């Protein structure tokens, strides 16, 4: 009992986490039902009964709160790279394993639905797409820094590290798209399977020879 109590965050931190989750859940619901551009920040804050000041203590924009579930996963990906023990496998394998481990770290309660909603909103909202490009660029740069100081990879003259990372990120988006569009119940296990399929297809894509006879 004492150990459990010690493991719990302080009350103030728990309240902040509950407010953050309420903002994410309400934002995704309002954006999905009413449209991202049609939902104002005032409406979101009123629905959660928080001030704009409270909102901006947690998020930087509507785009930020809408993409929070997936950005939490990318934060976990960077953490996995930062803490993973260097092995003897390829950099591509290290990146894949870190991505899959990050997905497994996501909460089992509710994250799948939130992630799917975030993905669909990003696909249909131009401002979210532009915001995501900036976020993706920052994340890739952070990942490259981690790969350089932890694994000795990513020297400026060596483009292979950046290319390996870009391929993993592209494969993630392909797997996410396939998972989001799949029929039936979605869960983290199915997302993991779609990601593994995309990772496996990436090397074959680099040597794919198109067949003009198959056109039309």
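A short reminder: the numbers here are calculations on the coordinates, not readings from a lab. Quick caveat, the model's predicted, so the values are computed rather than measured. Because the Cβ atoms are built from the backbone with ideal geometry, glycine has one as well, and the counts that use them run over all protein chains shown.
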Quiz item: Anyone know which of 145, 49, 185 comes out most mobile in the 10 Å Cα GNM of the chain?
Solution: 185
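With a ≥ b ≥ c taken as the square roots of the eigenvalues of the C-alpha gyration tensor of the stretch 1-123, please select rounded if a/c is under 1.5 and otherwise prolate if a/b is larger than b/c or oblate if it is not? Walk me through the numbers before you get to the answer.
Numbers: a/c = 2.54, a/b = 1.41, b/c = 1.81.
Oblate shape, in that a/c is at least 1.5 and b/c is the bigger or equal ratio.
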Quiz item: Using a Gaussian network for the chain with springs between C-alpha atoms less than 10 Å apart, which of these wobbles most: 171, 143, 205?
Solution: 205
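Give the Kirkwood hydrodynamic radius (Å, one decimal) of the stretch 1-61, defined as one over the mean of 1/r across all pairs of different Cα atoms.
Values: mean 1/r = 0.0778 Å⁻¹.
It works out to 12.9 Å.
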Quiz item: Looking only at the stretch 172-205, which residues have a backbone nitrogen under 20 Å from a spot 7 Å from the Cα of residue 159 in the C-beta direction?
Solution: 202-205
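Residue 204 to residue 49: FRET efficiency via 1/(1 + (r/R0)^6), r the Cβ-Cβ distance, R0 41 Å, to the nearest 0.05? Don't skip to the end; give the middle numbers.
Working: r = 52 Å, r/R0 = 1.26.
Computed FRET efficiency for residue 204 and residue 49 comes out at 0.20.
Using the 2.2 N^0.38 Å rule of thumb for compact globular proteins, work out how the stretch 70-162 stacks up: its C-alpha Rg over that value, please.
Working: Rg = 14.7 Å, N = 93, 2.2 N^0.38 = 12.3 Å.
Cα Rg divided by the expected 2.2 N^0.38 Å: 1.19.
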Quiz item: Once the piece of chain linking residue 123 and residue 37 is laid out straight, how much longer is it, given 0.36 nm per residue of separation minus the C-alpha distance between them?
Solution: 29.6 nm
Exercise. Answer with a single label: of [x] 19.4, 70; [y] 15.8, 44; [z] 20.6, 74, which was calculated as Rg and Dmax of the Cα atoms in Å from the structure in view?
Key: [x]
Quiz prompt | Rel. contact order, % - alpha carbon contacts under 8 angstrom, at least six apart, the chain | solution = 18
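If each residue of separation counts as 0.36 nm, what is the full-extension length gain between residue 109 and residue 138 once their alpha-carbon separation is subtracted? Don't skip to the answer; put the middle values down first.
Details: separation 29, 0.36 × 29 = 10.44 nm, distance 2.82 nm.
In short, 7.6 nm is gained.
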Self-check item: the stretch 160-190 and the stretch 54-85: distance between their alpha carbon centers, rounded to Å
Solution: 17
Quiz item: When only alpha-carbon atoms count, how far does the stretch 128-202 stretch along each of its three principal axes, as whole angstroms with the largest first?
Solution: 45, 29, 18
Self-check item: Sum of -39500 (n - 2.57) over DSSP H runs of 4+, divided by residues of the chain (222 nm, nearest 500)
Solution: -24500 deg cm²/dmol
